[in-house]
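Colleague: After the structure tokens below, expect a handful of questions from me.
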Amino acid sequence: MDPLRRLVADLNAYQPMFLASYPTMLALLAEEQKAGRLKIRPLHLWSGGECLPPDTHAEIETAFGCRVVNEYGASECMSIAFGCGEGWLHVNADWVLLEPVDSDYRPTPPGKASHTVLLTNLANHVQPVIRYDLGDSVIAKPEPCACGSPLPAIQVEGRRDDVVSLCAPDGSVVRLLPLALTTVVEEAAHVHRFQIVQTGADRLMLRLDTSRRSDRQEVWRAAASALRQYLTRQSLPNVHVGLDKRGPVTDRRSGKLKEVVVAKEAKPLRS
């Protein structure tokens, strides 16, 4: 949630041996490390909460000169699977049951992308979670993994929201993480189905799904006020925040909702 320059300064002062974050944040920090602004020497990195593409994985490891441990988890089960050297995630099958299924909740065969996945937490005796629909698309590996682990291997199509790059008043480019932006809206407006769309170098539009609520304007005011305060803290007081008349738009192919999107008309910016 803090500005990137502050995070870099704090990390330089602290010099962590172990660093854990989202893939989008680790990718930004890797760029700062390559540019010489970030100067840390961690022994290990941990990644979770979003999809970690192979090329991003390699770039992060190259920048920091150490291994990135990738993990798949959720609020309903903190540690579902862990990454191996072959690029697969191995399900902690003694703790969790993971069922890839199609849109009719029928089992998806190995090697095919599922519509969603059902989670049963075998370790939670206080609040059982049984066949909970996580909404993630996964692919189960048909054959044993070459790494030698006997645990089931999967690939996960997790969060793939866009990193937003906005132009500050001084002409510099400030990049914002999608999870930071969504957290601001969720905590301020108490909504969980919305979409933030960057439509220009200094413009964000908010799409709200308030079809079941009568307080649309109240939700909008709370979300807009929180976003503007957050943008100001990020040295972006000039960024316009508007309300889109349309509701959130899901992906035509997957049917999933990206909460943060950079529209085609918003040209990529470079710092």
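The values are calculated or read from the model by the stated rules, or taken from the named source; none is laboratory data. Just so it is clear, the structure is predicted and the values come from calculations on it, not from any experiment. We place every Cβ from the backbone using ideal geometry, glycine too, and count neighbours over all the protein chains shown.
Colleague: Does Thr56 count as touching a Leu at 6+ places or on another chain (Cβ under 6 Å) and not in a strand (DSSP E or B)?
Modeller: no
Colleague: Scan the range 240-271 residue by residue and report those that are among the hydroxyl-bearing types (Ser, Thr, Tyr) and modelled with pLDDT of 70 or more.
Modeller: Within the range 240-271, Thr250 is the sole residue that qualifies.
Colleague: Okay, next question. Within the range 131-157, which residues are in contact (Cβ under 8 Å) with a residue 60 or more places away in the chain and out of contact with any strand residue (DSSP E or B) (no Cβ under 7 Å at 6 or more places or on another chain)?
Modeller: Across the range 131-157, the qualifying residues are Ala146, Cys147.
Colleague: Keeping to the range 116-135, report how many residues are part of a loop (DSSP other than H, G, I, E, B) and more than 14 Å from Val91 (Cα to Cα).
Modeller: Total meeting the criteria: 7.
Colleague: Turning to a different aspect of this structure: Hey, could you check the range 3-58 for residues that are over 16 Å from the mean Cα position of the chain (by Cα) and touching a residue at least 60 places away in the same chain (Cβ under 8 Å) and say which is farthest from Ser235 (Cα to Cα)?
Modeller: Top of the filtered list is Leu4.
Colleague: Inside the range 118-155, can you point out the residues that are of a type in the set (D, E, K, R) and at pLDDT below 90?
Modeller: Residue satisfying the conditions is Asp136 alone.
Colleague: Scanning for something of a type in the set (Asp, Glu) and at pLDDT 90 or above, does the range 25-45 turn up at least one residue?
Modeller: Within the range 25-45, one or more residues are of a type in the set (Asp, Glu) and at pLDDT 90 or above.
Colleague: Among the residues of the range 88-95, are any farther than 25 Å from Leu45 by Cβ, under 20 Å from the mean Cα position of the chain (by Cα) and either crowded, with 17+ Cβ neighbours inside 10 Å or among the small types (Gly, Ala, Ser) (or both)?
Modeller: No, that holds for no residue.
Colleague: Restrict the check to the range 226-235 and report whether at least one residue is assigned to a loop (DSSP other than H, G, I, E, B) and modelled with pLDDT of 90 or more.
Modeller: Yes: the range 226-235 contains one or more residues that are assigned to a loop (DSSP other than H, G, I, E, B) and modelled with pLDDT of 90 or more.
Colleague: Same structure again: Only one of (1) out of contact with any helix residue (DSSP H, G or I) (no Cβ under 7 Å at 6 or more places or on another chain); (2) in a strand (DSSP E or B); (3) not β-branched (Val, Ile, Thr) is not met by Arg175, so which one is it?
Modeller: (1) is the only condition that Arg175 fails.
Colleague: Against the condition within 24 Å of the chain's Cα centre (by Cα) and not in a strand (DSSP E or B), how does Arg160 come out, does it pass?
Modeller: Spelling it out, Arg160 is indeed within 24 Å of the chain's Cα centre (by Cα) and not in a strand (DSSP E or B).
Colleague: Within the range 1-20, how many residues are of a type outside the set (A, V, I, L, M, F, W, C), in a loop (DSSP other than H, G, I, E, B) and farther than 22 Å from Val174 by Cβ?
Modeller: Adding up the residues that qualify gives 2.
Colleague: Ok, one more. If you go through the range 21-34 one residue at a time, do you hit one that is outside any helix (DSSP H, G or I), farther than 25 Å from Leu119 by Cα and touching a helix residue (DSSP H, G or I) at 6+ places or on another chain (Cβ under 8 Å)?
Modeller: Looking for residues that are outside any helix (DSSP H, G or I), farther than 25 Å from Leu119 by Cα and touching a helix residue (DSSP H, G or I) at 6+ places or on another chain (Cβ under 8 Å), one finds none in the range 21-34, hence no.
Colleague: Now for a separate question. Condition check: within 30 Å of Cys84 (Cβ to Cβ), in contact (Cβ under 8 Å) with a residue 60 or more places away in the chain, surrounded by fewer than 19 Cβ atoms within 10 Å (Cβ to Cβ) and not acidic (Asp, Glu). Does Val173 satisfy that?
Modeller: no
Colleague: Here is a list: Phe82, Phe64. Which entry is over 30 Å from His125 (Cβ atoms) and either out of contact with any His (no Cβ under 8 Å at 6 or more places or on another chain) or not polar (S, T, N, Q) (or both)?
Modeller: Phe64
Colleague: Does Val68 satisfy the condition of being surrounded by 17 or more Cβ atoms within 10 Å (Cβ to Cβ) and more than 18 Å from the chain's Cα centre (by Cα)?
Modeller: Taking the combined requirement at face value, the residue does not satisfy it.
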